[in-house]
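Visitor: Here it is, the structure in full.
The values are calculated or read from the model by the stated rules, or taken from the named source; none is laboratory data. Please read all numbers here as calculations on a predicted model, not as lab measurements. Positions of Cβ are generated from backbone atoms using ideal geometry, with glycine treated the same way; all protein chains shown enter the neighbour counts.
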Amino acid sequence: MQARWASSGRAACTAACARSCGVGTPPGRRRDTMIMRITRGKIHPGTWSAFQEAYKATVVAKSVDIDGLRGRWLAQDVHDPEAGYAVSLWESLEEMRAYEQSAFYRL
């Protein structure tokens with residue numbers, strides 16, 4: 001995937017990916033596991049700028065105090081300007097799932 005990154009929607013397809021950096025590493029040198037959530041979606045032609053601004057004003061601005069959320073990014077696909085990816089980084093799978101059950105997420 002090639003994407004053009006913007007500063008931090010929800011869309012059609014979600015993948016939760018966990019990567020433990022400690023596999024095969026001695027216990028004293030292991031790093032914590034983090035969760036990356038990637039959501040892909042498509043918008044109407046010519047609306048990326050408006051979508052990006054709305055995303056920043058709502059999702060990013062209101063997600064400052066979400067437990068376990070380390071960061072958010074929004075990427076536009078360079079081969080399909082109506083497609084994009086919302087990426088979020090989480091401390092744990094449990095915190096990501098709690099967010100997905102929250103009223104904020106369901107709006």
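Visitor: Can you name every residue in segment 53-102 that is of a type in the set (D, E, K, R) and either over 13 Å from Ile35 (Cα atoms) or touching a helix residue (DSSP H, G or I) at 6+ places or on another chain (Cβ under 7 Å) (or both)?
Guide: Quick first cut of segment 53-102, residues of a type in the set (D, E, K, R) only: 53, 56, 62, 65, 67, 70, 72, 77, 80, 82, 91, 94-95, 97, 100.
Glu53, Lys56, Lys62, Asp65, Asp67, Arg72, Asp77, Asp80, Glu82, Glu100 - these are the residues of segment 53-102 that are of a type in the set (D, E, K, R) and either over 13 Å from Ile35 (Cα atoms) or touching a helix residue (DSSP H, G or I) at 6+ places or on another chain (Cβ under 7 Å) (or both).
Visitor: Looking at Ser102, Ser63 in this structure, which one is over 14 Å from the mean Cα position of the chain (by Cα) and polar (S, T, N, Q)?
Guide: Values: Ser63 fails: over 14 Å from the mean Cα position of the chain (by Cα).
Just a single option satisfies the conditions, and that option is Ser102.
Visitor: Let me ask something else. Right, Thr25: surrounded by fewer than 16 Cβ atoms within 10 Å (Cβ to Cβ), touching a strand residue (DSSP E or B) at 6+ places or on another chain (Cβ under 7 Å) and either modelled with pLDDT under 80 or part of a loop (DSSP other than H, G, I, E, B) (or both) or not? Full working, then the answer.
Guide: Values: surrounded by fewer than 16 Cβ atoms within 10 Å (Cβ to Cβ): yes; touching a strand residue (DSSP E or B) at 6+ places or on another chain (Cβ under 7 Å): no; either modelled with pLDDT under 80 or part of a loop (DSSP other than H, G, I, E, B) (or both): yes.
No, not satisfied.
Visitor: Give the residue, chosen from Val87, Val64, Val60, that is among the hydrophobic types (A, V, I, L, M, F, W, C), on the phi < 0 side of the Ramachandran plot and at pLDDT 95 or above. Let's see the steps before the verdict.
Guide: Details: Val64 fails: at pLDDT 95 or above; Val60 fails: at pLDDT 95 or above.
After applying the criteria, what remains is Val87.
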